[in-house]
Amino acid sequence: MKNKKILTLNFKYAGFIIFSIGVISSFGFAPFHFFPLTIFSYVFLIYFLKKIKREKKNIFLYSLLYSLGIHLGLLYWIAISFQTANSGGYYAGSLAVFILSVFLSIFLALPFYFLFKYNRSFKNISFGFLFIFIFTTFDWLKGNILWGFPWTSISSLWSFSSITLFPFSVFGVWGYSLITYSLIVSFYYFFFNLKKGIFFSLPFIFATFILPNILKVSENKIDTISVRIVQPNIKQEDKWDKKKFINNYKKLSSLITLPGYKEIDLIILPETAIDFGIDELNKNKNKNSFDLAQIKNIIIGALRIKKNDNEVNIFNSMFLIQKNNTNILYHDKLKLVPFGEFIPFSKIFKLNKLTSGQIDFSPGENPRVFELSAKINILPLICYEVIFPKLTSELNNNYNLIVNITNDDWYKNSSGPYQHFSHSKIRAVMEGRTLIRSANTGISGIINPKGIVISKLGIQKEGVIDYRLNIKNIETVYSVYREKVFYLIMLTLFMLICISFFYNKFKKDKSKSY
């Protein structure tokens, strides 16, 4: 009875402490990148759950509180979009973030629960294998089920350096998550078994420091073009305000036509840069304001409206306009933002989406490639399509430049735009392609195939980036094999778990026989 009372006293405030540690661990991601906080918070939780493993009913609760802290710390900025859109304000936004965070937290709480409920030994090597396999599996599930949201994968910790970014080019997001969980396990073992700690740290050391020297990737130069990236810094509240339409329009046209624009090979504007259908640009007034007759190539984010009988479809699209409107290519956004661009189960939940208008956006049907010239093919990505490489895998790498347009002013100067930019770096490294990013209020920039930011324009700044760009490609392992490497590693790990299980069972049975 006395021991039970002491245990209750010691863990009286444990829930709050665990939740707080979860929040602190979120600082390991962009824009802070204090990654040791995340790594060691996991290690702390392993030891904590080991200590209370007899209280199995509390394991899931503590794990959920920890995970909730991480996800609230990572995703709080979504609530700002509700305030920006004047759609329920911070109250509705906070509720939405809380519900989303609880849902995502289940995918981190469940592996802890299964691991500590059904596993009896926490010191043998099989625990490490099991930990890595279960957590990687649930990380993958979290990023792929329903609409998919791979935003919070643990591997996104490593977006701060070209050195730590390299493994993405081989293992992808999920393979790098596996390696990250291996690193976490290594620190857990270091406290009581140096050899096992070193053993589980080897995947991270190999992937980050040894593999780059073995592969020795080379860059292939494609072509050289001059680009102008336009960042108008138009507030979201002003974007659809009819009273400010003329001023917004003048700002765009003045940035486009800054000195030297006639010599620029490609001008890029952000997502929904103009708030009217692209067909309106054919009208003389708009055509002359943008001086399209003098512009070689321009990419513009705009709406595309398609009318069929009594049905109207609206698409969030990217247009490439070439040679004085003689050739117009478009890409419709394939991956729409739930509640932002469409309402899931809208017939059940009679809610309004955050973006302007009452009609849901329609998703695009197929990924497309823009042929800019005989040498340059562009992969167009709108907003957070940049975190879904699976969307464009059927294109078989028939592109050598990625253009990502977005509008992150929904989230103001929060962590959101920085996290989004870090995912753009990850995508550039995975594909081995130069990535050009135009954001309405930032962060705009140019990222080379190694994840190095060549040039950028920060948050809430107005201006352009003019750059003479050498387009280079790297044929990465990931760009060739995609997720096959990850699946192969997971299969190998599963086999090791099976071997370890039967070996331990054999040892146990043998000891009993004596």
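The values are calculated or read from the model by the stated rules, or taken from the named source; none is laboratory data. Bear in mind that the values here come from a model prediction, so they are computed numbers and not experimental data. Positions of Cβ are generated from backbone atoms using ideal geometry, with glycine treated the same way; all protein chains shown enter the neighbour counts. Heads up: the accessible areas ignore ligands, DNA and RNA and are worked out on the full protein's heavy atoms, side chains in. Shrake-Rupley method; radii C 1.70, N 1.55, O 1.52, S 1.80 Å.
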* Yes/no for Ile154 being among the hydrophobic types (A, V, I, L, M, F, W, C), loosely packed, with under 14 Cβ neighbours inside 10 Å and modelled with pLDDT of 95 or more -> no
* To do: Would you mind telling me which numbered condition in (1) in contact (Cβ under 8 Å) with a residue 24 or more places away in the chain; (2) under 30 Å from Ile376 (Cβ atoms) Ile497 fails?
  => (2)
* Can you list the strands (runs of 3 or more DSSP E) found entirely within the stretch 415-481 that contain at least 1 residues being among the aliphatic types (A, V, I, L, M) and surrounded by fewer than 19 Cβ atoms within 10 Å (Cβ to Cβ)? -> 453-457
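How many residues does the stretch 364-389 contain that are open to solvent by 10 Å² or more (accessible area, probe 1.4 Å) and touching a residue at least 40 places away in the same chain (Cβ under 8 Å)?
Looking only at that region, the number is 10.
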* Asked: Does at least one position in the stretch 107-114 carry a residue that is free of Cβ contacts under 8 Å to residues at least 24 places away in the same chain, within 16 Å of the chain's Cα centre (by Cα), farther than 22 Å from Phe27 by Cα and surrounded by fewer than 22 Cβ atoms within 10 Å (Cβ to Cβ)?
  -> no
* To do: Taking Val97 as the residue in question, decide whether it is surrounded by fewer than 17 Cβ atoms within 10 Å (Cβ to Cβ) and part of a helix (DSSP H, G or I).
  => no
* Can we say Ser101 is over 30 Å from Ser500 (Cβ atoms) and touching a His at 6+ places or on another chain (Cβ under 6 Å)? -> yes
* Within the group Arg368, Arg304, which residue is modelled with pLDDT under 95, under 28 Å from the mean Cα position of the chain (by Cα) and part of a strand (DSSP E or B)? -> Arg304
* To do: Keeping to the stretch 460-489, report how many residues are in contact with a strand residue (DSSP E or B) (Cβ under 9 Å, 6 or more places away or on another chain) and closer than 20 Å to Lys251 by Cβ.
  => 6
* Only residues in the stretch 191-210 that are closer than 14 Å to Gly175 by Cα and in contact (Cβ under 8 Å) with a residue 24 or more places away in the chain count as the first member; pair them with residues that are assigned to a helix (DSSP H, G or I) and polar (S, T, N, Q), Cβ under 7 angstrom, at least 6 apart or cross-chain, and list the lot. => Pro203/Ser182; Phe204/Ser182; Thr208/Thr164
* Filter the stretch 206-253 for residues that are at pLDDT 85 or above, surrounded by 13 or more Cβ atoms within 10 Å (Cβ to Cβ) and hydrophobic (A, V, I, L, M, F, W, C) and give the result. => Phe206, Ala207, Leu211, Leu215, Ile222, Ile225, Val227, Ile229, Val230, Ile234, Leu252
